[in-house]
Each structure stands twice: as C-alpha cells, then as structure tokens.
Amino acid sequence: MQPPAPLHLTSELARVGLDPRGSDFVRVRRGVYAPRGDWADEGGRGLLRIRAVDLAAVEPPLFSHRSAATVWGLPFLRAGAPIAETLVAPARGGRSGRGIVRRCVDLDAVSECFVQGLRVTSLERTLIDLARTLPFASAVMAFDFAVNDDGGRRAPLTTIELVTAELARLDIRRGLARVMRAIEFADPRSESPNESLSRARIFELGFPSPDLQVEIAHHTGVVDRVDMLWREHGHIGECDGLAKYRDPALRGGRSPEDVLVDEKRREDRLRSRYSRLTRWEWGDALVPTRLRDILLNAGLPLLTRAQLRAR
C-alpha cells in the first residue's frame, strides 16, 4: 500500500510562505489543498477528498459506506459527484452538506477500526452497508474482492461467515434481503472487478450462471484456465482487458507481440474443446444491453421463465 499523498491546510502553507492559489496546488475542499501532481491521479482523488474531510475535522470522522469502501480499497461502481459518507451519533444530528453525508446511528453498535490512519467502519460492516445502499453489481464487486483468496495463495480480507456474523449482530431489518442476496452470490473464485461485474450482469440479464476459473487440460499436458465456462452450452467466456498486453508485470518478461501470439495459441486450444469462445471488455460489462447483445449473438441462450423462477 502506497503512503498517503500529502494534504495541506491553508494556515500551514501560509506559515512557509506558499500561496495555495498558485499553480502548484489544487483546492480539495475549503481550507485544504493537495499538490497538483497528486491530484492528477484520478484514481486517487476519492481518497484525497476523504483525507481532506478528516484533516479539516475537529474530531476524526467515522467514515462509512462508499467512503469506507474507498479506504479499504474495495471496488464498486462510482456514479455521481464524489462525497464523504460518515456516521454520527443521533445527538449530533444527521444534517449533510459541503460534500459530506452524515447518517445518524447508535455508534456504540458500530464496529470500527483505523485503516491508513482513517477511522472507518469495519470491513464486514462496510460490505453490509454497501449491499444495503448500492446496486447489486457494486455489492458483488466489493464482496468478491473481499473474500477472494487468489486460489488459496493468500488469506482473504474477510469471509462470508464473518460478514454473516456481523449481520446477525446488527439485527438489520431494512435492506436485509439485499444484503443476503449479495452474501449468497459472492464467490471467492472471481479474480477481478471485471469478472464480478460481468457475472452480476449475466445473472441480472437472465443468462445461465457460469462456472468460474475452470482449468481445461489438453492431451498435450497443457492446462488452460478460463474465466467462465458454460459446459452445457459448450461456451467459454473471457473478461478481457488490455492490461495483459500493456503491463510489464503481467507480461512476465514477454513482449506485447509474444503475449498476443501465446493468446492466439491458447484460443486455438480452447476452441478445439469447446465450440464457442466469447470475449468482452470492461466497457461492455458496464452497459448491460451491450453485454446481453454480445452473449446472445454468440449463441448463449437466456433462461426460460420457469428456470428463472427456480433459481
């Protein structure tokens, strides 16, 4: 985990003779500035905004929901203007404003901890709050990431059992069905946000649920692993991205051209075993109708009404 980017109060900059209105700084919120170079990283702006709220507060805020998820590093679909979400005691009042959403709760019942120096709800509580308030696909992305164990090579961030225990302790009524749906759907085999988003879309669109991370052995002794497999339909699904061609760490010392050749040979092996192999990218999974058309055009059937009712 990288160290947090520095933030500066107006008073701090003034003491050393720096003008925050100059070209070297960006105003994150009133009275708090970030170096322009750090602000250039769009992926880190959400965390900078959260840190700015924390820095400007008299007492450490208790970040929750999407803010806590950002601090924990959980993936979810971001929509709308970035805001800081916090929990406060009822006596403090839940009035929101200036980019902060405040929710009144009994803080004595909230499991919390410090992550990256920020006060946040526990990972299990954060997952529950996300499932209660965000669309199903976002909840699936966060849950899958949290319980993924990289094929048994590392410990997951949490487990379904721990989340279920926290849910029982909270005795939640509102949004319980949404949380249970996410818990039941979570799968530690899903290895990327793209896979999690894709399988949530596939479920919501009414396609059969695929098996995940399936190893396919060939007569040559080579074993290929695929993202998704519908055995009954002879159909392989691959959630592709360009990182495997562009990221040197993922190329394993190979050139982009070598990766492309290896991928072509892999695809030829797989097509010799299964009649259909369909690829899509992150942008396709973001738009449900686009993914639906890709899968339908590739020959994957939708479930019947009777099958939908039975699942």
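The values are calculated or read from the model by the stated rules, or taken from the named source; none is laboratory data. Since this is a predicted model, take the numbers as computed values, not measurements. All Cβ positions, glycine included, derive from the backbone under ideal geometry; neighbour counts span all protein chains shown. We work out accessible area using only protein heavy atoms, side chains counted, and drop any ligands, DNA or RNA first. Shrake-Rupley method; radii C 1.70, N 1.55, O 1.52, S 1.80 Å.
A few points about this structure:
- Amide H partners (placed H, <5 Å) of residue 118, local residues excluded: none
- Amide H contacts of residue 84 (H built 1.01 Å from N, in plane; Pro and chain starts excluded): 100, 101 sit under 5 Å, all sequence-distant by 5 or more or on other chains.
- Heavy-atom surface analysis with a 1.4 Å probe gives the range 256-308 a carbon and sulfur content of 51 percent of its accessible area.
- Put a plus charge on the Cβ of each Lys and Arg, a minus charge on the Cβ of each Asp and Glu, and nothing anywhere else: the dipole of the chain about its Cα centre is then about 940 debye.
- Computed from Cα atoms, the angle from the helix 256-271 axis to the main principal axis of the chain rounds to 50 degrees.
- Candidates 163, 176, 222 compared by Cα position along the dipole of the range 131-270: farthest toward the positive end lies 176, with charges placed on Cβ.
- Global geometry of the range 140-223, whether rounded, prolate or oblate, following the gyration tensor of its Cα atoms and the 1.5 cut on a/c: oblate
- Relative contact order for the range 155-311, counting Cα pairs under 8 Å that sit 6 or more residues apart, in percent: 21 percent
- Within the listed set 109, 84, 68, the Gaussian network model of the chain (springs between alpha-carbon atoms below 10 Å) gives the highest mean-square fluctuation for 109.
- Separation in nanometres of the label points that stand 7 Å from Cα toward Cβ, at residue 56 and residue 15: 2.0 nm
- Taking all Cα pairs closer than 8 Å and separated by 6 or more residues, the relative contact order of the chain comes to 10 percent.
- Extending 7 Å from Cα along the Cβ direction at residue 110 and again at residue 306 yields two label points whose distance is 5.0 nm.
- Against the chain, whose longest principal axis comes from its Cα atoms, helix 123-133 is set at around 80 degrees.
- Per residue accessible area in Å² of the chain, where ligands, DNA and RNA are left out and the probe is 1.4 Å: 54 Å²
- The range 1-87: relative contact order as a whole-number percent, Cα under 8 Å and 6+ apart: 23 percent
- Estimated from helical segments only, the mean residue ellipticity of the chain at 222 nm is -12000 deg cm²/dmol, where each DSSP H run of four or more residues counts as -39500 (n - 2.57).
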